[in-house]
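Taking it in order: structure first as structure tokens, then the write-up.
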């Protein structure tokens, strides 16, 4: 009968410490990935609000171009803190709808329109504290000739 000799090896397989170190490194990597995901969501929310502000600016510009003579005379001018006017005119209806849309889609949203020397400047501001992690008022402003 053949004799089987045992070959002694110092170690075989993984030790518990090696497994714990691997799990620890994996956990640190997953925590970093979760942090990146949270930052990405905040940035995405800020970008969404900025996009909505741009849409509202171009909406009122289109409305003003339809009623160009009144808009060039400053009929659409309104300050940020001014409440929506109560009237049945086309201009007031446009401004009320515009201000309501801003308030509905942007947190703390307000809009202003200023016409001077043929150039109309439209400004929208909103609170972006959720996206930036603090109290941060963002503004989007554009100037155009009607």
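Give the residues of the stretch 83-108 that are touching a strand residue (DSSP E or B) at 6+ places or on another chain (Cβ under 9 Å), loosely packed, with under 14 Cβ neighbours inside 10 Å and free of Cβ contacts under 8 Å to residues at least 12 places away in the same chain, sorted by residue number. The one that is touching a strand residue (DSSP E or B) at 6+ places or on another chain (Cβ under 9 Å), loosely packed, with under 14 Cβ neighbours inside 10 Å and free of Cβ contacts under 8 Å to residues at least 12 places away in the same chain: 85. When the test is whether a residue is farther than 30 Å from residue 37 by Cα, assigned to a strand (DSSP E or B) and modelled with pLDDT of 90 or more, residue 112 passes it. For the stretch 58-72, the set of residues classified as in contact (Cβ under 8 Å) with a residue 40 or more places away in the chain and more than 24 Å from the chain's Cα centre (by Cα) consists of 64, 65, 68, 71, 72, listed by residue number. Of the residues making up the stretch 119-141, just one is touching a helix residue (DSSP H, G or I) at 6+ places or on another chain (Cβ under 7 Å), exposed (fewer than 14 other Cβ atoms within 10 Å of the Cβ) and either part of a strand (DSSP E or B) or at pLDDT 80 or above (or both), namely 136.
Suppose we keep only residues that are in a loop (DSSP other than H, G, I, E, B) and modelled with pLDDT of 90 or more within the stretch 78-107. Which one would you say is farthest from residue 146 (Cα to Cα)? Can you show your working first?
Taking the stretch 78-107 as the starting set, the residues that turn out to be in a loop (DSSP other than H, G, I, E, B) are 79-89, 106-107.
Checking the rest, the ones that are also modelled with pLDDT of 90 or more come to 106-107.
Numbers: 106: 26, 107: 29 Å.
That would be 107.
The values are calculated or read from the model by the stated rules, or taken from the named source; none is laboratory data. Just so you know, these numbers come straight off a predicted model, no measurement behind them. Cβ: placed from backbone, ideal geometry, glycine included. Neighbour counts: every protein chain shown.
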